[in-house]
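In what follows, a single structure is set out as structure tokens and then discussed.
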Amino acid sequence: MSYLADTDPEIASIIHKEFERQRDGLELIASENLVSRAVLEAMGSIMTNKYAEGYPGKRYYGGCEFHDMAENLARDRLKALFGAEHANVQPHSGTQANMAVYFATMKLGDLMLSMKLSQGGHLSHGSPVSFTGQFYRVSQYGVDPRTETIDYGAVEEIARKERPTMIVCGASAYPRTIDFRAFQEIADGVDAYCMADIAHIAGLVATGLHPTSVGVTDFTTTTTHKTLRGPRGGAIMCNTEYAAMVDKAVFPGMQGGPLMHTIAAKAVCFKEALRPSFKEYNRQIIKNARAMAESLMEQGLRLVSGGTDNHLILIDLTDRGITGLEAEQALGRAHITVNKNTIPNEQRSPFVTSGLRVGTPAVTSRGMKEEEMHQIGEYIGKILKDIHNEPLIRKIGEDVRSMAARFPLYPD
Ligand SMILES: *Cc1c(COP(=O)(O)O)cnc(C)c1O
């Protein structure tokens, strides 16, 4: 930090303030996590100094022998982690991994069938404000209004009627198990490709705690920074038959030089994820989500689909008469960070919403267990019952800080 503080005290001070924010609060954003020191060190390394356009053994620049070693390790470990035949670790982000698969399989104007953003899908799955909604035609499925879970029969019906080129599954705000095999079967029935985007649940999938999509759907894309607990980035897995078209779509199709410092850090993350302790960690994420769900329901809150199978929970605030935005802000004042989220059959705009999304990966990384989850559920319940009670929010904020202090971000 001292080099940075000497050269750029403004940025050094901003980073320090952000460190304090992370240290003093409870991070319940379901897509966030804390990386290990080893991952941080690889990300901040001199691997960033090199151009390595191309792939190991086939680069456009000299001097890539060590970059080849790093990228081969990352690819081999990712394949081992998920049992994949082929892996591409170069996508700069989850969106770019998706972009590459679309570019490999679809022509402009082809039809994509995907999950509605407002019911759990992702921007890069065909939203009109994303390139996906402008380059491709999009048809969408949602959740069943009664069960608030995916109705595979309904998806199949749309697929048969619309005949998409690509069926996309995987979600950003869906608390239940996804049947990837059912999606691939629907795709096979209409001669479409199937892509599973496991960005949120990659850690659960890697450890066998959620059924896998790898080797089941034609393509699997992921981020490396959510439940996988690695550096910010993306990756693609597929069978050997699609390897060449995926690699060509990533580079030179979508990207230039790979972020080699990030690829080195991905290799470190995959090594960490191959350890037995990573399975324990993911098991605890799920146990924590269940404990938090119970606690929130005891507080009288309604959860979308009635609970959770994974790392996240969607709270429906409709009967509380408050918006997701108001709830997010009130909890934020007590150092509890969550995000407002649309819920099935949302009546409000995505900037306001009627729901909250809560996730346990980051607090589980700090070592918190069911007891703390129960307590946090109570804090959330109390604040949501009384969001204008500033003394209460201040008091809970102090309790939150002392809970956070018992679980340091980096104990060493
Ligand atoms: C987070 C997420 C992504 C996008 O990741 P970025 O790295 O932010 O581009 C893609 N798909 C799903 C389902 C996600 O949840």
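The values are calculated or read from the model by the stated rules, or taken from the named source; none is laboratory data. Bear in mind that the values here come from a model prediction, so they are computed numbers and not experimental data. Cβ: placed from backbone, ideal geometry, glycine included. Neighbour counts: every protein chain shown.
From the list Ala187, Ala196, exactly one residue is touching a Phe, Trp or Tyr at 6+ places or on another chain (Cβ under 8 Å), free of Cβ contacts under 8 Å to residues at least 40 places away in the same chain, in the same structural domain as Ala154 (by TED's automatic domain parsing) and within 16 Å of the ligand (Cβ to nearest atom). Which is it? Break it down stepwise before answering.
Details: Ala187 fails: within 16 Å of the ligand (Cβ to nearest atom).
The conditions single out Ala196.
Considering only residues that are away from the ligand (no atom under 15 Å from the Cβ) and free of Cβ contacts under 8 Å to residues at least 60 places away in the same chain, look in segment 99-115 and name the one that is nearest to Thr207 (Cα to Cα).
Among residues in segment 99-115 that are away from the ligand (no atom under 15 Å from the Cβ) and free of Cβ contacts under 8 Å to residues at least 60 places away in the same chain, the one nearest to Thr207 (Cα to Cα) is Leu111.
Give me a count of the residues in segment 76-98 that are in contact with a strand residue (DSSP E or B) (Cβ under 7 Å, 6 or more places away or on another chain) and within 14 Å of the ligand (Cβ to nearest atom).
Residues flagged as in contact with a strand residue (DSSP E or B) (Cβ under 7 Å, 6 or more places away or on another chain) and within 14 Å of the ligand (Cβ to nearest atom) within segment 76-98 amount to 8.
How many residues are more than 10 Å from the ligand (Cβ to nearest atom), in a loop (DSSP other than H, G, I, E, B) and surrounded by 24 or more Cβ atoms within 10 Å (Cβ to Cβ) if we restrict to segment 211-235?
So the answer is 5.
Touching a residue at least 12 places away in the same chain (Cβ under 8 Å), more than 16 Å from the ligand (Cβ to nearest atom) and farther than 24 Å from Pro211 by Cβ: does that describe Tyr55? So that I can check it myself, show each step before the final result.
On the way: touching a residue at least 12 places away in the same chain (Cβ under 8 Å): yes; more than 16 Å from the ligand (Cβ to nearest atom): yes; farther than 24 Å from Pro211 by Cβ: yes.
So Tyr55 fits the description; yes.
Can you tell me which residue is farthest from the ligand (Cβ to nearest atom) among those in segment 131-149 that are in contact (Cβ under 8 Å) with a residue 40 or more places away in the chain and crowded, with 22+ Cβ neighbours inside 10 Å?
First, pick out the residues of segment 131-149 that are in contact (Cβ under 8 Å) with a residue 40 or more places away in the chain: 142-143, 145, 147-149.
Imposing the further condition that a residue be crowded, with 22+ Cβ neighbours inside 10 Å reduces the set to 143, 148.
Details: Val143: 15, Glu148: 18 Å.
So, considering only residues that are in contact (Cβ under 8 Å) with a residue 40 or more places away in the chain and crowded, with 22+ Cβ neighbours inside 10 Å, the one farthest from the ligand (Cβ to nearest atom) is Glu148.
Is it the case that segment 371-378 has a residue that's touching a Phe, Trp or Tyr at 6+ places or on another chain (Cβ under 9 Å) and surrounded by 19 or more Cβ atoms within 10 Å (Cβ to Cβ)? Talk me through it step by step, then tell me what you get.
Within segment 371-378, the subset touching a Phe, Trp or Tyr at 6+ places or on another chain (Cβ under 9 Å) is 372.
With the extra rule that they be surrounded by 19 or more Cβ atoms within 10 Å (Cβ to Cβ), the set shrinks to 372.
Scanning segment 371-378, I find at least one residue that is touching a Phe, Trp or Tyr at 6+ places or on another chain (Cβ under 9 Å) and surrounded by 19 or more Cβ atoms within 10 Å (Cβ to Cβ), so the answer is yes.
Could you count how many residues in segment 116-130 are more than 8 Å from the ligand (Cβ to nearest atom) and more than 17 Å from Ile167 (Cβ to Cβ)?
Final tally of qualifying residues: 4.
Does Tyr3 qualify as being under 30 Å from Asp218 (Cβ atoms) and surrounded by fewer than 16 Cβ atoms within 10 Å (Cβ to Cβ)? Walk me through how you get there before you give the answer.
Working: under 30 Å from Asp218 (Cβ atoms): no; surrounded by fewer than 16 Cβ atoms within 10 Å (Cβ to Cβ): yes.
No.
Within segment 180-210, restricting attention to residues that are among the aliphatic types (A, V, I, L, M) and in a loop (DSSP other than H, G, I, E, B), which residue is farthest from Ala159 (Cα to Cα)? Steps first, please.
We begin by selecting, within segment 180-210, every residue among the aliphatic types (A, V, I, L, M); these are 182, 186-187, 190, 192, 195-196, 198-199, 201-202, 204-206, 209.
Now drop any that are not in a loop (DSSP other than H, G, I, E, B), which leaves 190, 192, 198-199, 201, 209.
Details: Val190: 7, Ala192: 9, Ile198: 21, Ala199: 24, Ile201: 25, Leu209: 29 Å.
Of everything passing the filter in segment 180-210, Leu209 is farthest from Ala159 (Cα to Cα).
Just give me the residues in segment 56-98 being at negative phi and in a loop (DSSP other than H, G, I, E, B), in sequence order.
The initial filter retains those residues of segment 56-98 that are at negative phi, namely 56, 58-62, 64-82, 84-98.
Those that are at negative phi and in a loop (DSSP other than H, G, I, E, B): Pro56, Tyr60, Tyr61, Gly62, Cys64, Ala84, Glu85, Val89, Gln90, Pro91, His92, Ser93.
Considering only residues that are free of Cβ contacts under 8 Å to residues at least 60 places away in the same chain and surrounded by 20 or more Cβ atoms within 10 Å (Cβ to Cβ), look in segment 156-167 and name the one that is nearest to the chain's Cα centre (by Cα). Walk me through how you get there before you give the answer.
If we filter segment 156-167 for residues that are free of Cβ contacts under 8 Å to residues at least 60 places away in the same chain, which is where we start, we get 156-164, 167.
Of the ones still in play, those that are also surrounded by 20 or more Cβ atoms within 10 Å (Cβ to Cβ) are 159, 164, 167.
Details: Ala159: 26, Pro164: 25, Ile167: 19 Å.
Within segment 156-167, the match that is nearest to the chain's Cα centre (by Cα) is Ile167.
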